[in-house]
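Trainee: Take a look at the following structure, please.
What follows draws every value from the coordinates through simple rules; no lab data is involved. All values reported here derive from a predicted model rather than from experimental measurement. We place every Cβ from the backbone using ideal geometry, glycine too, and count neighbours over all the protein chains shown.
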Amino acid sequence: MEFLVRTENLLPHDTPEEVRDQLKKGERERAMELREAGILKRLWRVPGRNATVGLYEAEDPAALHDALTSLPMWKWMNITVEALATHPQER
């Protein structure tokens with residue numbers, strides 16, 4: 001199944017810089033692992049916001065949930081998910 005995933009990072013502004021840097025590094029590493037596993041297909045930044053839009057592919061919603069909760073910044077993210085279905089014109 002494919003999913004459109006919108007995330008917004010809500011990490012508190014007073015988070016120490018070293019913690020922020022460590023979390024960003026962990027996010028990049030985990031995103032690369034999800035790419036290598038074929039789960040994270042595409043990722044875009046949203047200009048002017050600390051947000052992303054991603055195209056994910058997972059076996060089912062539970063597998064997507066496991067992937068998203070494995071992200072180091074999971075606790076500080078606002079996430080919305082839309083399951084995608086193939087349009088008849090794409091067949």
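Trainee: Give the residue from I79, W44, M1 lying farthest towards the positive end of the charge dipole for the chain; charges sit on Cβ (+1 for Lys and Arg, -1 for Asp and Glu) and the dipole is referred to the Cα centre.
Mentor: Checking the options against the dipole of the chain, the answer is W44.
Trainee: Here's a follow-up. So who's got an amide H within less than 5 Å of the one on M73, skipping anything under 5 residues away but keeping other chains? H placed 1.01 Å off N, in plane.
Mentor: Residues meeting the criterion, in which the H sits 1.01 Å from N, do not exist here.
Trainee: Sticking with this one: Leaving out same-chain residues fewer than 8 places away, which aspartates and glutamates sit with a Cα under 14 Å from that of K24?
Mentor: The qualifying aspartates and glutamates are E8.
Trainee: From the square roots a ≥ b ≥ c of the eigenvalues of the alpha-carbon gyration tensor of the stretch 1-41, which class results: rounded (a/c under 1.5), prolate (a/b over b/c), or oblate? Each step should come with its number before you reach the end.
Mentor: Values: a/c = 6.44, a/b = 1.76, b/c = 3.65.
In terms of gyration-tensor shape, oblate.
Trainee: If the viscosity is 1.567 mPa s and the temperature 4 °C, what translational diffusion coefficient in µm²/s does Stokes-Einstein give for the chain when Rh comes from Kirkwood over Cα pairs? Before the final figure, lay out the partial values.
Mentor: Numbers: Rh = 14.0 Å.
It diffuses with D of about 92 µm²/s by this estimate.
Trainee: What is the sum of charges around R28, taking Lys and Arg as +1, Asp and Glu as -1, for the other residues whose C-beta is under 12 Å from the C-beta of R28?
Mentor: Details: positive: K24, K25, R30, R35; negative: D21, E27, E29, E33.
With Lys, Arg at +1 and Asp, Glu at -1, the neighbours total 0.
Trainee: Using each residue's phi in the stretch 3-19, evaluate 6.51 cos²θ - 1.76 cosθ + 1.60 at θ = phi - 60° and report the 3J(HN,Hα) Karplus result to the nearest Hz, with x for Gly and Pro.
Mentor: Using θ = phi - 60°, the values come out as 9, 9, 10, 10, 10, 10, 7, 10, 4, x, 4, 8, 5, x, 4, 5, 5 Hz.
Trainee: Specify whether the C-alpha gyration tensor of the stretch 40-91 places it in the rounded, prolate or oblate class, a ≥ b ≥ c being the square roots of the eigenvalues: rounded for a/c under 1.5, otherwise prolate if a/b is larger than b/c and oblate if not.
Mentor: Values: a/c = 2.60, a/b = 1.36, b/c = 1.92.
Since a/c reaches 1.5 but b/c is at least a/b, the shape of the stretch 40-91 is classed as oblate.
Trainee: So what is the relative contact order for the chain, in percent, with contacts set as C-alpha pairs under 8 Å and at least six apart? Before the final figure, lay out each step's value.
Mentor: Numbers: 118 pairs, mean separation 45.6, N = 91.
That works out to 50 percent.
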